[in-house]
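**Student:** Attaching a single structure in structure tokens format; questions to follow.
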Amino acid sequence: MATNAAPTAPVCSAPMKATSNGAFQKENPLDFALPLLIVQIILVVSFTRLLAFLLRPLRQPRVIAEIIGGILLGPSALGRYQKFLDIIFPKKSMTVLDTLANIGLLYFLFLVGLELDIRAIRRTGTNSLIIAVAGISLPFILGIGASVVLRSIVNKGVSNIVFLVFMGVALSITAFPVLARILAELKLLTTDVGRIAMSAAAVNDVVAWILLALAIALSGSDSSYLVSVWVLLCGTAFIVFSIFVLKPILSVMARRSPEGEPVKELYICITLSIVLAAGLITDIIGIHALFGAFVVGIIIPKDGPFAGVLIEKIEDLVSGLFLPLYFASSGLKTNVATIEGSQSWGLLVLVIFTACFGKIVGTVVLAMLFKVPFIEALALGVLMNTKGLVELIVLNIGKDRKVLNDQTFAILVLMALFTTFITTPIVMAVYKPARKGKPYKNRKIQRQDLDSELRVLACFHSTRNIPTLINLIESSRGTRKKGQLCIYAMHLMELSERSSAISMIHKARKNGLPFWNKKPGDQNQMVIAFEAYQQLRSVVIRPMTAISPLNSIHEDICTSADRKRAALIIMPFHKHQRVDGTMESLGHSFHLVNQRVLRHAPCSVGILVDRGLGGTTQVIASEVSYSVVVPFFGSQDDREALAYGMRMAEHPGIKLTLLKFTPKPETALNPPKADMGAESKKDNEIFSEFLNLSKSSESVKHEAIAMGSREDVIAALRSMSNSTLFLVGRTSPAMPLSDRSSDCPELGHVGSYLASSDFSTTSSILVIQQYDPSINAMEKPLDDINEASNKTVSNGV
């Protein structure tokens with residue numbers, strides 16, 4: 001009797017176990033899911049960070065490094081060695097890697113939704129809205145033509161409508177987070193180009209997600225269009241449910257998280273669980289789990305600390321560890337080797353040309369119709385051509401749904417990489433907005449016209465600096481009716497690679513540079529403190545915010561000072577005093593900021609060593625009782641410090657003491673005075689002004705001290721160690737006052753000694769450098785213009 005052989009079942013590899021028993025049990029840890037995943041994460045994160053560091057001189061956003069890193073780890077480069085893929089990225093591990101990458105992507109899209117303020121989009125001007133629509137429409141239409149060519153040559157057998165929509169979306173997207181970071185990096189946030197680009201990109205972002213939802217709904221495995229209609233209807237129902245059910249729940253939690261109190265851990269847990277549940281619902285509907293997370297992020301109230309705390313809780317883990325895995329996952333699917341032959345490379349050029357032509361031409365034409373100059377319109381078009389993470393999401397979904405084959409996928413990934421890479425260099429080449437303001441002459445505190453307005457740019461890093469700054473302003477306002485004091489209070493904020501940095505960028509306002517805080521009812525505690533003081537005193541205070549990387553924030557400071565015609569920039573010292581009296585550094589980057597400002601400032605600069613001037617709270621005018629000391633050795637910086645002290649002496653609560661050091665004949669000054677005669681004449685002139693002031697005011701006095709050695713200087717300074725504030729010239733011709741070499745050359749010899757913990761724990765110090773165009777090469781051409789303008793413009797401010 002004949003028997004029929006049973007068909008052989010396909011052999012499936014056993015699933016990977018989670019953990020190994022260890023190498024001593026003769027087990028390879030890389031054969032188990034958890035150890036292998038750890039190796040993959042370390043490799044991906046390290047490799048992409050290295051690439052980001054190498055690309056930093058080219059001012060490229062980190063997303064470029066992550067895309068390139070993913071491609072290099074995939075079959076296009078390192079993955080060409082099959083052994084590497086088998087060991088590090090075996091096929092049986094990809095499910096775990098992709099799952100973790102998508103969890104990270106889910107929460108990252110939640111962060112993107114948190115950053116996107118629908119109210120700002122509703123306030124978008126008509127011009128920006130029309131430019132955004134043009135920047136989407138033309139590339140979408142051109143994408144139809146490109147899709148016809150690609151489908152006929154390399155992407156056969158796919159539904160024409162589905163492929164058309166995916167191509168249109170891929171070519172018309174603008175990456176809002178990447179664009180915002182490029183604008184901040186190039187300091188274009190507050191230019192006309194930057195404002196239009198931000199508004200148009202925000203609109204583009206929302207439209208892109210709507211188009212992507214449409215594309216996903218059409219790309220289901222069921223060819224029936226009725227299914228696509230049901231998917232879209234259910235997606236719309238989910239959005240309605242989110243607005244009318246989820247939003248009130250989230251709003252209640254946000255209202256119960258007042259400013260100044262920690263957000264309850266239960267609220268954080270509930271919100272993050274809602275994100276997962278929303279992702280599950282949209283995945284069941286068939287429009288991908290990412291949409292649910294994105295919608296939840298959008299509907300969370302942006303007022304109050306709730307949204308900010310959510311960002312702080314998850315952004316570092318998501319952006320730092322999980323998100324690079326998604327780029328690696330995309331890179332492992334990208335095989336550049338599939339683009340071979342002149343025909344394939346010609347298609348790549350066609351796609352890049354279509355994407356650039358559609359975005360740039362569509363944006364430029366509409367912008368010029370609204371009377372935007374051609375150069376600005378061109379820069380705007382190039383900026384709107386920026387791609388990023390959303391582009392990769394579209395392409396990956398298209399590949400997973402069999403809409404894009406390997407070659408089309410590789411072509412579109414390279415297109416996204418190329419268009420984003422060229423954005424920064426092209427914009428830098430074609431668009432160079434004017435950075436300097438009109439020439440002005442009052443760049444110093446010391447001046448002939450004492451009744452002119454004194455403008456000061458006072459910078460601070462945190463609320464810690466504000467009481468001292470306000471008390472210093474109160475002491476400086478004088479009693480002149482004409483000589484008003486105008487303060488620009490600038491909050492310095494570091495633009496990091498974190499997602500929350502993008503939400504900081506949203507604070508940009510129309511006027512000022514970098515930008516003003518003019519939002520009615522702004523709850524920023526720092527703004528409130530200055531505005532409250534302004535209402536009580538005859539001082540004009542205008543709060544500002546500068547958001548830049550620390551290595552270039554000095555450009556914002558110096559440019560703002562020039563455009564606002566400041567005579568003095570006050571910078572916080574990079575160290576703050578601890579409870580035990582010792583000085584603790586905020587970081588070397590803050591130290592370098594001060595040094596760069598001193599080199600490039602267009603006016604005088606003061607470095608404020610804060611030891612609680614007036615205490616930790618604002619002092620009312622009637623209670624001001626400060627003793628101010630000016631050590632005077634004779635130099636232009638000392639003259640500037642004395643001029644500031646003489647202005648402060650007008651306040652009835654200020655007692656000013658001048659310590660006039662005169663070297664004994666045998667004492668050598670260090671450094672020696674250049675042009676001794678001219679300097680001595682200027683020193684004598686301001687000293688004569690001081691003597692006249694002291695005759696009319698009992699609160700002003702001076703002491704003459706013969707200086708034979710540094711011990712004489714130290715003894716004189718120590719006798720005044722109980723004083724409230726020291727005003728010191730940075731380059732005083734005094735010898736070093738300490739045996740130890742100073743790590744703070746920006747303070748000078750005297751300032752370094754006074755700032756040391758050995759001297760005092762209660763006296764604040766303001767180290768002043770007078771503006772000198774011969775030292776600052778950047779400002780010298782401008783000063784030449786000033787000299788010419790001063791002959792024709794009198795008393796200009």
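The values are calculated or read from the model by the stated rules, or taken from the named source; none is laboratory data. None of these values were measured; they are calculated from a predicted model. Cβ sites come from the backbone with ideal geometry, for glycine too, and all protein chains shown count toward neighbours. Please note that ligands, DNA and RNA were not included when accessible areas were found on the heavy atoms of the full protein model with its side chains. Shrake-Rupley method; radii C 1.70, N 1.55, O 1.52, S 1.80 Å.
**Student:** Hey, among the residues in the range 145-166 that are free of Cβ contacts under 8 Å to residues at least 40 places away in the same chain and surrounded by 15 or more Cβ atoms within 10 Å (Cβ to Cβ), which one's farthest from VAL390 (Cα to Cα)?
**Tutor:** Pass one, the range 145-166, residues free of Cβ contacts under 8 Å to residues at least 40 places away in the same chain: 147-148, 151-152, 156-157, 160, 164.
In the following step, the residues that additionally are surrounded by 15 or more Cβ atoms within 10 Å (Cβ to Cβ) were identified as 147, 151, 164.
Values: SER147: 20, ARG151: 23, LEU164: 18 Å.
Going through the qualifying residues, I end up with ARG151.
**Student:** Now for a separate question. Consider ALA337 against the criteria (1) open to solvent by less than 10 Å² (accessible area, probe 1.4 Å); (2) at pLDDT below 90; (3) aliphatic (A, V, I, L, M): it satisfies all of them except one. Which criterion is unmet?
**Tutor:** So the condition that ALA337 fails would be (1).
**Student:** Within the range 418-434, can you find the residues that are touching a residue at least 12 places away in the same chain (Cβ under 8 Å), surrounded by fewer than 20 Cβ atoms within 10 Å (Cβ to Cβ) and of a type in the set (A, V, I, L, M)?
**Tutor:** Those that are touching a residue at least 12 places away in the same chain (Cβ under 8 Å), surrounded by fewer than 20 Cβ atoms within 10 Å (Cβ to Cβ) and of a type in the set (A, V, I, L, M): ILE422, ILE426, MET428, VAL430.
**Student:** Spot the failing condition for VAL767; the list is (1) more than 22 Å from ASP638 (Cα to Cα); (2) at pLDDT 75 or above, and only one is missed.
**Tutor:** It is condition (1) that VAL767 fails.
**Student:** Being over 19 Å from LEU414 (Cα atoms) and at pLDDT below 90 narrows it down to one of PRO61, PRO57, so name that one. Write out each step before concluding.
**Tutor:** Details: PRO61 fails: over 19 Å from LEU414 (Cα atoms).
Residue meeting the stated conditions: PRO57.
**Student:** Shifting gears a bit: How do the helices (runs of 4 or more DSSP H) wholly within the range 470-573 filter down when requiring 1 or more residues that are basic (Lys, Arg) and at pLDDT 85 or above: which remain? Talk me through it step by step, then tell me what you get.
**Tutor:** On the way: elements: 500-505, 525-536, 553-563.
Answer list for the range 470-573: 553-563.
**Student:** Identify the single condition in (1) assigned to a helix (DSSP H, G or I); (2) over 22 Å from PHE176 (Cβ atoms) that VAL403 does not satisfy, given that it satisfies every other one.
**Tutor:** Of (1) assigned to a helix (DSSP H, G or I); (2) over 22 Å from PHE176 (Cβ atoms), only one is false for VAL403: (1).
**Student:** Note down all Cβ pairs under 7 Å where the first residue falls in the range 334-358 and is in contact (Cβ under 8 Å) with a residue 24 or more places away in the chain and in the same structural domain as ILE141 (by the TED database), the second is β-branched (Val, Ile, Thr) and not in a helix (DSSP H, G or I), and they're at least six residues apart or on different chains.
**Tutor:** As it stands, the answer is LEU347/VAL154; LEU348/ILE339, since those pairs meet every condition given.
**Student:** Which of (1) at pLDDT below 90; (2) open to solvent by less than 10 Å² (accessible area, probe 1.4 Å); (3) not in a loop (DSSP other than H, G, I, E, B) is the odd one out, the single condition VAL605 does not satisfy?
**Tutor:** If we test VAL605 against (1) at pLDDT below 90; (2) open to solvent by less than 10 Å² (accessible area, probe 1.4 Å); (3) not in a loop (DSSP other than H, G, I, E, B), just (1) comes out false.
**Student:** Does ALA704 satisfy the condition of being part of a strand (DSSP E or B) and either in the same structural domain as ASP637 (by the TED database) or touching a His at 6+ places or on another chain (Cβ under 7 Å) (or both)? Spell out the reasoning first.
**Tutor:** Values: part of a strand (DSSP E or B): yes; either in the same structural domain as ASP637 (by the TED database) or touching a His at 6+ places or on another chain (Cβ under 7 Å) (or both): yes.
So ALA704 passes the test.
**Student:** Follow-up. Looking at the range 435-448, is at least one residue surrounded by fewer than 19 Cβ atoms within 10 Å (Cβ to Cβ), out of contact with any helix residue (DSSP H, G or I) (no Cβ under 9 Å at 6 or more places or on another chain) and in contact (Cβ under 8 Å) with a residue 24 or more places away in the chain?
**Tutor:** no
**Student:** Scan the range 375-410 for residues that are aliphatic (A, V, I, L, M) and under 23 Å from the mean Cα position of the chain (by Cα) and report the count.
**Tutor:** Let us first name the residues in the range 375-410 that are aliphatic (A, V, I, L, M), namely 375, 377-380, 382-384, 389-390, 392-395, 397, 403-404, 410.
Applying the additional criterion that residues be under 23 Å from the mean Cα position of the chain (by Cα) yields 379-380, 382-384, 389-390.
Looking only at that region, the number is 7.
**Student:** Further, regarding this structure: Give the residue that is farthest from the chain's Cα centre (by Cα), with candidates limited to residues of the range 76-92 that are modelled with pLDDT of 90 or more and open to solvent by less than 20 Å² (accessible area, probe 1.4 Å).
**Tutor:** Ranking the candidates gives PRO90 first.
**Student:** Give the residue, chosen from ALA278, ALA307, that is under 24 Å from ILE249 (Cα atoms), buried (at least 21 other Cβ atoms within 10 Å of the Cβ), of a type outside the set (Val, Ile, Thr) and more than 27 Å from the chain's Cα centre (by Cα). Before the answer, list the steps.
**Tutor:** Values: ALA307 fails: more than 27 Å from the chain's Cα centre (by Cα).
Sole residue among the options that is under 24 Å from ILE249 (Cα atoms), buried (at least 21 other Cβ atoms within 10 Å of the Cβ), of a type outside the set (Val, Ile, Thr) and more than 27 Å from the chain's Cα centre (by Cα): ALA278.
**Student:** Now a separate question. All but one of (1) over 27 Å from the mean Cα position of the chain (by Cα); (2) β-branched (Val, Ile, Thr); (3) within 28 Å of LEU214 (Cβ to Cβ) hold for VAL318; state the number of the condition that does not hold.
**Tutor:** That leaves (1) as the condition not met.
**Student:** When both residues are 6+ apart or on different chains and their Cβ atoms are under 8 Å apart, which pairs have a first residue that lies in the range 645-658 and is part of a helix (DSSP H, G or I), and a second that is open to solvent by 20 Å² or more (accessible area, probe 1.4 Å)?
**Tutor:** Pairs found: MET646/GLU689; MET646/LEU693.
**Student:** Go through the residues of the range 369-376 one by one and say whether even a single one is on the phi > 0 side of the Ramachandran plot and either surrounded by fewer than 20 Cβ atoms within 10 Å (Cβ to Cβ) or in contact (Cβ under 8 Å) with a residue 60 or more places away in the chain (or both). It would help to see each step written out before you state the result.
**Tutor:** From the range 369-376, those on the phi > 0 side of the Ramachandran plot are 371; that's our starting set.
Now restrict to residues that are either surrounded by fewer than 20 Cβ atoms within 10 Å (Cβ to Cβ) or in contact (Cβ under 8 Å) with a residue 60 or more places away in the chain (or both): 371.
Scanning the range 369-376, I find at least one residue that is on the phi > 0 side of the Ramachandran plot and either surrounded by fewer than 20 Cβ atoms within 10 Å (Cβ to Cβ) or in contact (Cβ under 8 Å) with a residue 60 or more places away in the chain (or both), so the answer is yes.
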